[in-house]
Amino acid sequence: MAQKQVMREYAKQQADMANQPAIAVVYVDANGNAHTVPTDDDKETKVGIETMADVKADEEVQEKMRPCPCLPAVSAEFPEFPEDGGALASFRFLLGWVLFVLSFPFICLFTWTIPDCSKAHNRKYFLASFTMSIVWIAILSFAMVTLVGRSGCILSVDKFTMGLVVIAIGTSVPVSN
């Protein structure tokens, strides 16, 4: 949904730019707004042209939510009711909310503990990002093996059988959207 909105804004910008006169000078002020000076003699300054950085910043603001005011914002999208889901639309919507509720704590933890190196100002933290990713993989793997071992104990199934069947099947099933 956010990608469609960005594409509409981009198309609207392209249409607006096609209607403008030839530009002699373009400069960006401290707020990030682009100002242009047309080539005609009246020297009017066009104000309010958004740069692509502004559009991307607006997109990031719309997608992120702040569950805790003292911590950074989290990128998570609420499940939307499928428009063409047919008879199973409400079931898919309910399942989407269940998965969202179960995964949201992990999304928050990963966002708050792993630096996002896709942004230019965080590129210097690539080693910390890699290290924290490995730490989270180790923690989650340990938790998964412990839970499978205890589940096997409760069900009176050998640990090795549980490991070969449950964990192997869990790693082989692809994630489908």
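The values are calculated or read from the model by the stated rules, or taken from the named source; none is laboratory data. What you are looking at is a predicted structure, and each value in this text was computed from that prediction instead of being measured. Neighbour counts run over all protein chains shown; Cβ positions are idealised from the backbone, glycine included.
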For the range 73-128, give me each residue that is hydroxyl-bearing (S, T, Y) and more than 13 Å from the chain's Cα centre (by Cα).
S90, S103, T113, Y125
Pairs needed: first member in the range 97-122, surrounded by 11 or more Cβ atoms within 10 Å (Cβ to Cβ); second member anywhere, assigned to a helix (DSSP H, G or I) and modelled with pLDDT under 90; C-beta distance under 7 Å; at least 6 residues apart or different chains.
P115/N122; D116/N122; C117/R123
